[in-house]
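Chemist: This is the structure I want to talk about, given as structure tokens.
The values are calculated or read from the model by the stated rules, or taken from the named source; none is laboratory data. The structure displayed is predicted, hence computed values, not measured ones. Cβ placement follows ideal geometry from the backbone for every residue including glycine, while neighbour counts extend to all protein chains displayed. Accessible surface is based on the protein model in full, side chains and every heavy atom, while ligands, DNA and RNA are left aside. Shrake-Rupley method; radii C 1.70, N 1.55, O 1.52, S 1.80 Å.
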Amino acid sequence: MTRVRVRAVGRLIPLSEDRSLSFGRDRTCDVCLDPADRGISRIAGTIECESGTWWVVNHSTKRTLHIVDDTRLAVPLPVNAEGWPLSRHAVGHRPITILVAGELWTHELTVEPGLHRRSDITPGAPADPRSTISQVPTLTDNRRAALAALASGYLRPHPDYDPRPLSYEGAAALLGIRRRQLMKRIEQIRAQLTEAGVSGLDPVDARRSLCEWSLAMRLISASDLALLPSMPQPDPD
């Protein structure tokens, strides 16, 4: 039987395939993070097993989760959106950390895969459903650079990972262009994603949802920080 262990709020919780674990601010959750922090969804997510594969599932329609792998790279796990595949991330054979950002604190849960018999291990983890969507748009270099500037905090390794988009002024300054130019490129990207079926991209200020959906759909990655002339590059390990 495939098992995992979850480290959270000072506890080590073993899970077997027939048991899931919920976390959020509600006291009925298996892991209650902070009942007073309204920045955390009542039920933020679950860790559950399906057909031998463990998944982190985002159950919130308003709050993003963030997954950090053992290389310290993080990726947003977007909110659940009607008409899109379930927002979830497969747990592989190495530990991952789930970041749950509230208004008062960012909480961490670590999922540690258990030992497997060789016969239990299947090659490769299932692909993120969003990586296989056929309508993923292609970005021009200028649009990719604009998006990388806006989402530059998301592209830094943990613990420097900052899941907040820059202001339009800040992103424009990183590229050495005018705010109006930056906003025009971002609006073009928003239109592309809307056409691809992504909902909830507010035309007034879609910065956060735009960054998080773009990262989840693999439109940009940490390597795109090289497109930003004013962005200090991380020191090599």
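Chemist: Order the following by accessible area, largest value first: Ser167, Ser16. Probe radius 1.4 Å; ligands, DNA and RNA are ignored.
Modeler: The residues order as Ser167, Ser16, largest area first.
Chemist: If you don't mind, there's one more thing I want to ask. So if we plug the beta-carbon distance of Arg27 and Glu187 into 1/(1 + (r/R0)^6) with R0 = 30 Å, what FRET efficiency do we get, rounded to 0.05?
Modeler: Computed FRET efficiency for Arg27 and Glu187: 0.10.
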